[in-house]
1. Return the residue satisfying two criteria in turn: it lies in segment 470-496 and is touching a residue at least 60 places away in the same chain (Cβ under 8 Å) and open to solvent by 10 Å² or more (accessible area, probe 1.4 Å), and of such residues it is farthest from residue 555 (Cα to Cα).
2. Take residue 316 and decide whether it is of a type outside the set (Val, Ile, Thr), at pLDDT below 95 and open to solvent by less than 40 Å² (accessible area, probe 1.4 Å).
3. Could you check segment 338-357 and list, in sequence order, the residues that are over 21 Å from the mean Cα position of the chain (by Cα) and surrounded by 23 or more Cβ atoms within 10 Å (Cβ to Cβ)?
4. The conditions are (1) of a type in the set (Phe, Trp, Tyr); (2) in contact with a His (Cβ under 6 Å, 6 or more places away or on another chain); (3) part of a loop (DSSP other than H, G, I, E, B), and residue 753 fails exactly one of them. Which is it?
5. Looking only at segment 279-290, filter to residues that are surrounded by fewer than 23 Cβ atoms within 10 Å (Cβ to Cβ) and more than 20 Å from the chain's Cα centre (by Cα); which one of those is nearest to residue 309 (Cα to Cα)?
6. Report every pair of residues separated by at least 6 positions or lying on different chains whose Cβ atoms are under 6 Å apart, first residue within segment 56-77 and over 25 Å from residue 96 (Cβ atoms) and at pLDDT below 95, second in a helix (DSSP H, G or I) and open to solvent by 20 Å² or more (accessible area, probe 1.4 Å).
7. Enumerate the helices (runs of 4 or more DSSP H) found wholly within segment 635-724, keeping only those where 1 or more residues are surrounded by fewer than 17 Cβ atoms within 10 Å (Cβ to Cβ).
8. Which members of segment 553-572 meet the condition of being open to solvent by 20 Å² or more (accessible area, probe 1.4 Å), touching a Ser or Thr at 6+ places or on another chain (Cβ under 7 Å) and either part of a loop (DSSP other than H, G, I, E, B) or of a type in the set (Lys, Arg) (or both)?
Amino acid sequence: MALSEVRNARAKGLGVCLLVSCFVGAAFVNTAAAGENHDWAGFRGSDGNGTYIGKTKLTESDHCGLKVGWLQKIGSGYSGVAVANGRTVTMFSDGKNNVVAAFDSETGKEKWRYELAEFYKGHDGSHDGPISTPLIAAGKVFALDPRGTFAAIDLGNGKEVWKTNLVDDHECSKPHYGFGTSPIFLDGVVVVEMNSEKAAVAGFDPNTGKKLWSAGADGCNYQSPIHYAWNGATRVLATCNKSIYAMDASNGDIIWQQDHAGDGARGLMSLTPVPSGADRLFLAYKDESSSLLQLVREEQNVSSKHTWEDRSIRNSYNVPVYHDGHVYAFSSRFLTCVDVETGKSKWKSRQPGDGFLILVDGHLVIITKEGSMHIVKATPEKYEEVASLPVFEDLAWAHPSYSNGSIYVRSLDAIARVDIVPNAPTEPGLELKTASAANQSKSKFHAFLTEANAAEDKQAVVDKFIAAQKEFPIVEDSGWVHFVYKGEGKDLAVAGDLFGARQESPMTRLADTDLFYRSVQIEPDARLNYLFMRDYEEITDPRNDRKTVCRMLTKDMEMSFSGEPLEMSWFSMPKWKAPKYLSDAEVAHKGRVDAKELDSEILGTKIAFDVYVPYGHDTDDARYPVAYIHAGQAAREHGKLAESLDHLCGTSIRPTIAVFIKYMHRGPMEPYSDMLIKELIPLIDETYHTEKSPEARASVGIGFAGVTAISWALRNPDMIGNVATQSPFIFDGVKGTLNQLVEDHKAAPPVVYMEWGKYDFRNPHEAWDIGAEAAKFAGTLREKGFKIHGGEVHDGTGWSSWVNRYDAMFGALFPKDSTG
């Protein structure tokens, strides 16, 4: 059931009372437990530990429910919610500026709004707006903007008290996605991580903004400090890029420093330590694994050791919590409980869906990225949900906050207070959002499900149906494809091109059988890769013999830029046709491949390259066009492009020389471009029978090399007359340069072949989509007068997709009927 359907059903009185309003007024009663008076003043609470251990309505009544107290629309941002002194504060973009806004905690009415800095545009997979969570302390709000503006604002009236800038005034460097660290308040000092070459952490006077101290020769990214009890005092615990520091907040003295050896964007760069028992810190410090760091007290010093490292918690931006000997966390997209003594998982659950959590009175309070809230008992026995409620329709990407009986959450366009309701009737948990069986009235598979559900012996019906199928997945002419798994397993999901990176879609189990299924309707000419995740481990479809290797994704459907292979299954719809040039048929007239090397003076290194020479080159006087293939080693080894050219040359394209450049260009374009123009092209023209004109040269790049191919061609129109790319990775960092090259292009537009997949490399939660960006850039080229060959295809990403359209790509560059 979709979230909107659940919301509508419950709003009609079918479950927990759901009340959404702009202001609520005095009709709301105080939902806090007797004597409860607790602020949540910053990121993961006043102390940064994401935990409230006091008694609440969750344990003072037999059954608890949830209801929305108020909900207000706001702008985009990742900032969490700070709650103190009757004010609820967060940051967001209003479309023109990044702002800090305070709301009345009781009614939700906005009390004031402060313009912190200019609008911050999300980029390279991030959404617009601020990242850091504001801090409420000493009657003020302390807020940090992505570009470094750091301000103190009066909590009562929203007036500026002081303002400084970490970059301009304190010699800090802005992290790639902007400043995302959140400040804390301790011993009368506001403490923030800096990312300066001189110091990693600094303390500021809350009243004047004067920097009182700075310490730690280290860098930092998006890590945040916390409070930490050490030797009877509360200290600052700050994790930076190399080390963890225990500091005296009053003067910045470093009490001890321990290297942690972390790495990765979801590990090191966003690492917040989780105290997990006496002198122990749980560290989700690497993308692929976590560790328990044991601090060892010596006579005069402190040392440390990793007592275990395990993959049980990995690949998540959520910060875990610790409770009674166990760590609760998201591992990839699955909620898990891990024994802190061993690092081994006690249980793992697909429910409630990927998200962010805190700990309140022995319960996990979770907001999923899909916008639903869940209360789950923090127990190592099993996943046990207490209450759930749909809150937002859009993406939620911030940890919840808890104060005085209510939970405060925000999404990319709204902020809400959700109240814990004592003695509420027990309600069924929300279903994961899925569309697996919608509108299947004309599906033969749906008819089978109806028959099986009505049968006395369901398993017998399933066995008979599966045995009668000739091919898996089950594809129908109506456009339905049914992914089917039959066999052992408790939790099944399907992942791959249809769903994107870091995603999978749950499969439905037919009750009282061993059959799991997921149905979707797609284009009749689509070809896509997929795999099953059986009990959280990847497997290919055991009933499908069509296998391939994906080098863009790895375990947990994480992005892979190292080329590590992941075996997958693939399928095609009825109107997809396999290219004849990919067959194993013998070629009567094969070309050859020459291995060459260029000692480049311009780049100061040797450049290896292979040259595909078509059949007939050495025996006739013809002149041949040349395709320069950037990052050519992958095109040769994984894309089998040379073998495909044997089939294509002379049959569907003009015989072509292909130069596979075994060099991955990184950094400034000019030296690489100069090497190609001044060294490589002259060498190729001297060695082979080439046609020496721009129209007979092509710049070709696939995937990561696509931007290089486009840039080189646009920079050198007098030398390169054609460009071809498949799924170019046009991230935000290169858009401006490419758009300017198009704008400045004065020569006749070259022949451009550009293609992208509807199901190309993407993540629906993280604001990046390779196919969508390629389509936008193609539109920019068309507006400038370029004619674009190719376009969108109903395929996915990686070499198993790209190889299927070499004929179209080279046919656009050098068609068979063209002459030299």
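The values are calculated or read from the model by the stated rules, or taken from the named source; none is laboratory data. What you see is a predicted model, and the numbers here were worked out from it, not measured in a lab. Neighbour counts run over all protein chains shown; Cβ positions are idealised from the backbone, glycine included. Calculation scope for accessible area: heavy atoms of the full protein, side chains included, ligands and nucleic acids excluded. Shrake-Rupley method; radii C 1.70, N 1.55, O 1.52, S 1.80 Å.
1. Selected residue: 477.
2. Spelling it out, residue 316 is indeed of a type outside the set (Val, Ile, Thr), at pLDDT below 95 and open to solvent by less than 40 Å² (accessible area, probe 1.4 Å).
3. Across segment 338-357, the qualifying residue is only 338.
4. Among (1) of a type in the set (Phe, Trp, Tyr); (2) in contact with a His (Cβ under 6 Å, 6 or more places away or on another chain); (3) part of a loop (DSSP other than H, G, I, E, B), the lone unmet condition for residue 753 is (3).
5. Filtering segment 279-290 for residues surrounded by fewer than 23 Cβ atoms within 10 Å (Cβ to Cβ) gives 279-280, 286-289.
In the following step, the residues that additionally are more than 20 Å from the chain's Cα centre (by Cα) were identified as 279-280.
Working: 279: 17, 280: 14 Å.
Among those that are surrounded by fewer than 23 Cβ atoms within 10 Å (Cβ to Cβ) and more than 20 Å from the chain's Cα centre (by Cα), it is 280.
6. 64/57
7. Where helices (runs of 4 or more DSSP H) fall fully within segment 635-724 and carry at least 1 residues being surrounded by fewer than 17 Cβ atoms within 10 Å (Cβ to Cβ), they are 669-675, 681-687.
8. 554, 564
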